[in-house]
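Working notes for the structure below.
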Number of protein chains: 2
Amino acid sequence: MGQLLVKQKIRARAPAPTPKELLPLGQIIPGDCIEAMRTIPDASVDMVFADPPYNLQLGGDLSRPDGSHVDAVTNDWDKFSSFAVYDQFTRDWLTEARRVLKPEGSLWVIGSYHNIFRLGAIMQDMGFWILNDIVWRKANPMPNFKGTRFTNAHETLIWASMGEKSKYTFNYRAMKTLNDELQMRSDWVLPICNGAERLKKGGRKVHPTQKPEALLYRVMLATTNEGDVVLDPFFGTGTTGAVAKRLGREWIGCEREGDYREAALERIEMALPLDERALKTMQSKRTAPKVAFGTLIETGWIAPGTVLSDKKNRFRAVVRADGSLAADKVTGSIHGLGKELQGAPSCNGWTFWHLEHEGQVKPIDAIRQLYILATEP
Amino acid sequence: MGQLLVKQKIRARAPAPTPKELLPLGQIIPGDCIEAMRTIPDASVDMVFADPPYNLQLGGDLSRPDGSHVDAVTNDWDKFSSFAVYDQFTRDWLTEARRVLKPEGSLWVIGSYHNIFRLGAIMQDMGFWILNDIVWRKANPMPNFKGTRFTNAHETLIWASMGEKSKYTFNYRAMKTLNDELQMRSDWVLPICNGAERLKKGGRKVHPTQKPEALLYRVMLATTNEGDVVLDPFFGTGTTGAVAKRLGREWIGCEREGDYREAALERIEMALPLDERALKTMQSKRTAPKVAFGTLIETGWIAPGTVLSDKKNRFRAVVRADGSLAADKVTGSIHGLGKELQGAPSCNGWTFWHLEHEGQVKPIDAIRQLYILATEP
DNA sequence: TATCCAATTGAATCGCACT
DNA sequence: TAGTGCGATTCAATTGGAT
């Protein structure tokens with residue numbers, strides 16, 4: 001309420017806003033996104049959400065350990081000849097985005113380490129004021145098949161206002177409610193887009209990088225109001241449009257590829273306005289914190305070199321730096337070594353292995369419980 | 001053992017490495033980090049870990065590697081100049097870091113949304129090749145008291161090699177062990193630095209942004225080997241040094257502030273190195289001593305004439321005296337024949353081929369493991 | 001009908017040493 | 001330096017067929 005009043009006051013002093021009738025609401029403008037955005041009036045849009053090409057620079061083919069082939073992003077639209085070319089492209093579309101945004105609008109971009117640092121730096125150079133960087137922690141990412149790096153399990157979003165002193169919309173209360181009455185954090189755990197939500201045609205995915213609706217849902221619920229105009233310059237198969245419709249926001253898309261436009265329009269046509277049941281599935285599940293044995297080593301709760309033993313003191317093992325255990329001649333994880341030594345079909349290392357703690361012999365699970373208690377919010 | 005031999009072979013072809021006696025190991029070089037790094041020889045360091053200042057309103061005490069002075073602009077209204085000064089400072093210290101790093105060394109930086117995008121973009125521009133961006137997801141972050149944004153609950157690290165084709169160290173197996181036998185992901189949940197670990201003097205924290213040892217523990221265990229030299233140009237109160245000492249790595253620090261240097265030295269003095277047994281980690285098969293299939297034939301672990309088959313019993317092959325396999329019409333190595341028969345791009349014969357052993361069907365790799373265990377010193 | 005198992009798949013900068 | 005051969009390497013979710 002108070003927020004609305006403030007907005008009206010400011011608008012009264014600013015130039016008259018563009019009437020919505022002059023905007024291509026609910027339409028996908030075909031062609032290059034920069035050209036397409038030029039058709040939109042200055043200061044007429046409340047939010048821009050952009051999922052630009054990542055400039056992945058992939059090498060040769062990649063196969064899984066089972067020999068199957070990984071379907072990579074090889075589309076032409078993700079090919080740039082150099083960082084300089086990518087940067088110029090980025091500055092060009094960001095310039096148009098800045099022009100069409102209202103002074104109190106905000107900008108979201110999403111990317112991976114291939115492009116997000118360039119995006120963020122250019123945004124700052126252009127005067128955008130970063131409000132948060134958000135980490136989308138994928139619940140089910142693709143593994144690193146060759147064991148050469150850490151599993152690339154997240155993507156990064158940047159949320160920015162038009163400038164340091166600019167106002168912006170943040171629905172704090174809605175976010176806190178969505179997060180079981182805890183402040184919404186800058187890391188969001190959400191599954192990747194698959195199952196029924198993933199658009200397919202003839203058994204093949206229509207778009208290689210379709211984003212999950214849950215991601216856009218949270219973005220829009222947090223930083224726009226009902227009736228706001230959301231522009232997506234890289235519309236793809238229209239996740240932004242579908243979520244905007246469900247949440248009662250207006251949308252405009254730009255998209256070069258006819259196939260994507262067609263799939264998007266059909267999809268948005270079918271999108272249902274929000275019902276409460278759907279909302280519930282969007283809410284973040286408070287997953288019980290999983291604690292690996294290695295975490296207790298890293299955080300100093302159990303020191304490498306500590307000697308563990310089973311309850312009857314038949315077996316002993318030394319904790320090593322990486323969280324593995326070393327017995328006389330065998331090594332392994334807390335579970336694997338326990339199983340091995342006992343010759344049992346399986347073993348829960350958390351209850352099998354004990355150590356002396358405060359004068360008492362306790363299972364290592366007790367240390368894990370203490371750790372969880374100490375670090376829980 | 002085998003690994004050491006390989007390393008020496010490579011070094012023999014490269015220019016002679018800097019003898020460790022010429023490096024200021026276990027020392028904190030006082031003064032400006034760029035000046036301090038200049039005292040370190042070219043290509044002498046295995047890893048640089050840097051936690052540079054975040055504040056973009058810098059004081060006027062920055063200098064370039066050539067000694068010229070950087071004229072800092074600190075006015076609020078001139079963010080663009082402020083970014084330019086920060087970028088120049090970043091390029092300057094990264095230039096020195098790049099010079100002292102070995103060709104197969106790697107660079108870690110940590111930052112927040114204020115500076116990480118600039119850091120990452122400049123690293124890419126300088127030729128560093130990003131291997132991962134890592135999200136440190138704070139288990140207990142400070143809430144956003146005003147409720148104006150999302151709770152800032154993470155920081156970002158970037159891990160990079162010297163270039164696209166450069167080799168680098170990644171202890172895949174140790175990370176997988178540390179994470180309960182699942183690949184280590186790019187999002188790390190770790191508590192912030194508090195409690196006994198947080199250095200305090202007169203009830204006040206000594207350093208405003210002391211990093212948790214657990215973070216450095218994982219970084220170093222993952223991407224350095226025992227005895228490697230780690231340089232931290234923004235040493236602060238010495239978390240990098242303390243963890244390096246614990247993990248049997250050498251360290252060099254640079255730090256301007258005398259108070260931090262004093263606190264760091266005292267702290268590292270008290271840190272206990274791990275003993276040899278605890279320091280060991282699980283080896284990946286890639287670095288483990290190699291056992292050829294032929295060795296198992298020669299030593300009688302597998303007899304010539306033994307019939308191998310794949311798990312589903314679709315293919316069968318006979319072991320020949322020289323360690324090759326013979327199928328119906330084709331012959332080849334354990335890998336080549338498996339690849340051939342399946343029509344796959346590649347095949348690991350060790351896991352593909354099975355035989356009956358003690359009443360169970362096991363991959364031939366299991367026999368190799370038994371051999372390694374039995375012949376280990 | 002419920003359950004289980006096998007197969008498929010997702011924004012991926014994915015090997016190394018020798019000739 | 002490009003080519004070749006050895007051999008190391010995957011997690012969670014979904015889908016569809018078999019039990």
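Exposure proxy ranking for B:ILE130, A:ILE372, B:ILE110, based on other Cβ atoms within 10 angstrom of each Cβ and starting from the fewest, stands as A:ILE372, B:ILE130, B:ILE110. Which of rounded, prolate or oblate describes segment B:244-371 when judged by the alpha-carbon gyration tensor and an a/c cut-off of 1.5? Here segment B:244-371 falls in the prolate category. Projecting 7 Å from Cα along the Cα-to-Cβ direction, the label point of B:PRO41 sits 7.0 nm from its equivalents in the other copies, listed shortest first. In terms of its alpha-carbon gyration tensor, chain A comes out prolate; a/c meets the 1.5 threshold, and the first ratio a/b outweighs b/c. Among B:ASP32, B:ASP133, A:ASP42, A:ASP76, a tally of other beta-carbon atoms within 10 Å of each Cβ gives an order, fewest to most, of A:ASP76, A:ASP42, B:ASP32, B:ASP133. Against chain A, whose longest principal axis is taken from its Cα atoms, helix A:258-270 shows a tilt of about 80°.
Among B:MET162, A:MET142, the ranking by other beta carbons within 10 Å of each residue's beta carbon, starting with the fewest, stands as A:MET142, B:MET162. From its DSSP helices (H runs of at least four residues, each -39,500 (n - 2.57)), chain B gives a residue-normalised ellipticity at 222 nm of -9500 deg cm²/dmol. Rounding to the nearest 10 and keeping the result within 0 to 90°, find how far the Cα-based axis of helix A:213-223 lies from the longest principal axis of chain A. Orientation of helix A:213-223: about 60 degrees from the principal axis.
Express the relative contact order of chain B as a whole percentage, based on alpha carbon pairs under 8 Å and six or more residues apart in sequence. Numbers along the way, then the final one.
On the way: 623 pairs, mean separation 55.6, N = 377.
The value is 15 percent.
Springs between Cα atoms under 10 Å define the GNM used for chain B, and in it the highest mean-square fluctuation of B:SER324, B:SER82, B:SER112 occurs at B:SER324. If the reach is capped at under 18 angstrom between alpha carbons, list the aspartates and glutamates near A:LYS200, excluding any in the same chain fewer than eight residues apart. Partners found: A:ASP71, A:GLU213, A:GLU257, A:ASP259, A:GLU262, A:GLU266, A:GLU269.
Inter-copy label distances at A:GLU181, using a point 7 Å along Cα-to-Cβ, come to 4.0 nm with the shortest given first. Given R0 = 41 Å, the distance between the Cβ atoms of A:LEU370 and A:LEU58 translates into a calculated FRET efficiency of 0.35.
All other residues whose Cβ lies under 15 angstrom from that of A:GLN210 are scored, Lys and Arg at +1 and Asp and Glu at -1, for a net of -3. For the modelled label position 7 Å from the Cα of A:ASN313 along Cα-to-Cβ, which residues of segment A:323-345 have backbone nitrogen atoms closer than 16 Å? Under cut-off, by backbone N: nothing. Where a ≥ b ≥ c are the square roots of the eigenvalues of the C-alpha gyration tensor, would you call segment B:328-368 rounded, which needs a/c under 1.5, or, failing that, prolate if a/b is larger than b/c, or oblate? Prolate, since a/c reaches 1.5 and a/b exceeds b/c. The C-alpha atoms of chain B define a longest principal axis, and helix B:364-375 lies at about 80 degrees to it.
Isolated cysteines in chain B, defined as those with no second cysteine Cβ under 4.7 Å, comprise B:CYS193, B:CYS347. Distance between the modelled labels on B:GLU276 and A:ARG198, one decimal in nanometres: 5.1 nm (7 Å Cα→Cβ projection).
Every read-out reported here was derived from the displayed coordinates using simple, explicitly stated rules and does not represent laboratory data. As the structure is a computational prediction, the values presented were derived from the model and not from experiment. Quick reminder, even Gly has a Cβ in these numbers, built from the backbone with ideal geometry, and neighbours come from all protein chains shown.
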